[in-house]
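Here's the structure we're looking at; comments come further down.
Each reported figure results from applying straightforward, stated rules to the coordinates on display, with no laboratory input. Because the structure is a prediction, the values reported are computed rather than measured. Neighbour counts are summed over all protein chains in view; Cβ atoms, including those assigned to glycine, are modelled from backbone coordinates with ideal geometry.
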Amino acid sequence: MRILGIVILVTGMLMGIGSNLAAFIDPPSLLIVVAFTLGALWISGASIPGMIRALGSTQIDATEAATAARSWGLASKAATAAGVVGVLIGAVIMLRNIDDIGAIGPGLAICILTSLYGLVVGYGFCLPCQRYVESRQ
């Protein structure tokens, strides 16, 4: 069922994007989401190797599983918050370049795509990982 869920999620997104895939790739937006999420996890003391181990290992105890599930929940919230931070960063870039219409595009891309990436990472990846680890307890 998990594989089917991943296939449906990815297929639905790709069908919606259609032939515009290149427009949805923005490295600065991806960097904001990934760096913010990892930074939040490290600041909180989460064990990223433990989170990954909880997904693949068949032998984890209840304490390790509970810790990993909480960490995946934190990652979901952090990725979503990173999307909001990206919107604000993009808005500042756009407003700074308000006189140069050609320079507004990069800020707009960061504004919109960071939000999209944050939601996809938070709710399309981290939240399902949290639920999966919780089901293993």
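Data for the structure
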| quantity | calculated |
| --- | --- |
| Label-reachable residues, region 12-30, where backbone N falls under 18 Å from a point 7 Å from Y123's Cα toward its Cβ | 12-17 |
| Calculated percent of Cα pairs over 22 Å apart (choose from [x] 29; [y] 74; [z] 47), label | [z] |
| Burial order of peptide ranges 25-34, 109-118 (average beta-carbon count within 10 Å, highest first) | 109-118, 25-34 |
| The chain, helix-only ellipticity at 222 nm - DSSP H runs n ≥ 4, -39,500 (n - 2.57), divided by all residues, nearest 500 | -26000 deg cm²/dmol |
| Length released on extending from M15 to R53, taking residue separation times 0.36 nm less the Cα-Cα span | 10.4 nm |
